[in-house]
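The values are calculated or read from the model by the stated rules, or taken from the named source; none is laboratory data. Model, not experiment: these values are computed from the prediction. Note that we place each Cβ from the backbone using ideal geometry, even for glycine, and neighbour counts take in every protein chain shown. The protein model used for the area step is the full one, side chains on, heavy atoms only, and it has no ligands, DNA or RNA in it. Shrake-Rupley method; radii C 1.70, N 1.55, O 1.52, S 1.80 Å.
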Amino acid sequence: MHEYVLVLIVAAAVTYLATPFVRSLAVATGAFTAVRSRDVHTTPIPRLGGVAIYIGFVAAALVARALPYLGSLFSSKQIIGVVLAGGVVCLLGAFDDIRELDWITKLAGQILAAGLMAYTGVQLLSLPIFGTTILPTPVLVLFTIIVVMVWTNAVNFIDGLDGLAAGVVGIAALAFFMYSYIVSRSFVPANVFSTATFISAALVGVCAGFLPHNFHPARLFMGDSGALTLGLLMSAATITLTGNVDPSQVSGNEVTAAFLPIVVPLAVLMLPLLDMVLAVVRRTLAGQKPWDADAKHLHHRMLRIGHGHRRAVLILYLWAAIVALGSVSFVIWDGWRPLVVVGAAAVLGVVLTVWLPRWRPVERL
C-alpha cells in the first residue's frame with residue numbers, strides 16, 4: 001500500500017506545481033474559454049489544465065517504474081501504452097483548447113489512442129457476463145475502443161462547473177482503486193499490484209493536485225486536454241481489470257459475483273455517463289446533433305433549482321460518492337449493511353438536492 005500512497009502523493013504534488021506554469025502557457029497561447037450563453041463563468045478563463053494533469057500522471061509512472069513492486073508492472077507494455085495514448089489525447093485536446101478542432105478530428109484522435117492502448121495489451125480479454133464470456137479478438141478490440149470513447153466523452157460532457165469533472169473523476173478513481181485493490185488480493189497467487197490499481201491511484205493524485213487551482217473560482221480550466229485525458233485514464237483502469245477478472249473472485253455470493261464486475265465500472269462514472277446519455281437523447285429528440293452544446297446538463301439544472309456554484313458541485317460530488325463508493329461497498333460487505341448505508345446516503349442526497357435551496361436560498365459556502 002505504501003507504494004500506492006507514494007504514487008498518489010507524487011502525482012498530486014507534480015500536478016499542483018505544474019499547473020501555474022501551464023496556466024502561463026495557456027495565457028501565452030491564447031487558450032481561453034470565451035463566455036458563451038450556456039456558460040456560468042462571466043469572464044474568459046484560461047484552459048489547458050490537462051497538460052498539467054498529464055505531466056502529473058507521467059511523473060507518477062516514472063516513480064512507479066523505480067519501485068520494487070510496482071516496477072514489475074512495466075515488464076508488460078500496458079502502462080507504456082496508457083502513457084502514450086494519454087499523450088495522444090492530451091495533445092489533441094491541447095490543440096482544441098488553443099484552436100478549436102472539428103468533431104471528426106477529435107473522434108479520429110480518440111480512436112487512434114484507443115487502438116494504441118489495445119495494441120499494447122490494454123484491451124478487454126473477456127466480458128464478465130454469465131460468468132466469463134470469450135468473444136473473438138476483433139470484437140473485444142472494438143468493445144475496447146467503444147469503452148474508451150464513451151468514458152472520454154462522458155467526462156467531457158460533465159466538465160461544466162469549476163472543479164466538477166476533476167472532483168467526480170477523483171471520487172470515481174478512489175472507488176475503483178478500492179475495488180481493484182480488494183479484487184487483486186483474491187488473485188491466485190494474491191497480488192495487489194496491478195495496472196488498474198496503479199492507474200486509479202495516480203488518477204486520485206492528479207485530480208487532488210489540480211482541484212486547488214480549479215475549484216470555484218477557477219484560475220484554470222482543464223479544457224478538452226484534461227477531460228479527454230482523465231476519461232482515457234479512467235477507461236484504461238476499468239478495461240485492465242474488468243476484462244481480466246473472473247467474476248467469482250469479486251464475491252462469494254453468486255448473484256453479487258454475476259453483476260458487480262459490470263455494475264462497478266459503470267457505477268464509478270455513473271454521473272457523467274447519465275449526463276451524457278440524457279444529453280444525447282434530449283438533443284436527438286429535439287432534432288439536434290448529439291454533440292451540439294446546450295445548457296441543460298445536470299449541473300445547469302442544479303443551478304436552476306437554486307443551488308450556488310460551489311454548493312451544486314459539492315452535492316454532485318455527494319451523488320458521485322453515493323453511487324461509486326456505494327457499489328464498491330457490496331464488495332466489502334455481505335448482507336444488508338450496504339443497502340442500509342447506500343439507502344441512508346441516498347435519502348440525504350435527495351434532501352440536500354431538493355430542499356436545501358429552500359432552507360438556504362443564497363449559497364454561503
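One table, with the values for the structure above:
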item	result
Anisotropy class of the stretch 1-131 from Cα gyration tensor, a/c 1.5 cut	oblate
Efficiency of FRET between Val350 and Val263 - r from beta-carbon atoms, R0 22 angstrom, step 0.05	0.55
Sequence-separation-based contact order of the stretch 1-117, relative, with Cα cut under 8 Å and 6+ spacing, percent	28
The stretch 267-334 - accessible surface per residue (Å², probe 1.4 Å)	45
Percent RCO, i.e. relative contact order, over the chain, from Cα pairs under 8 Å lying at least 6 residues apart	22
Nonlocal amide H pairs with Phe32, under 5 Å, H built at 1.01 Å	Arg47
Solvent-accessible ranking of Thr29, Thr229, Thr353, largest area first, probe 1.4 Å	Thr29, Thr353, Thr229
Contour minus Cα-Cα distance for Ala34 and Asn191 (0.36 nm per residue)	51.7 nm
Among Leu124, Leu73, Leu203, residue whose mean-square fluctuation peaks in a GNM of the chain (springs only between Cα atoms under 10 Å)	Leu73
Once the Cα gyration tensor of the stretch 267-365 is diagonalised, semi-axes √(5λ) in Å	27, 21, 10
Accessible area (Å², 1.4 Å probe, nearest 10) - Lys289	110
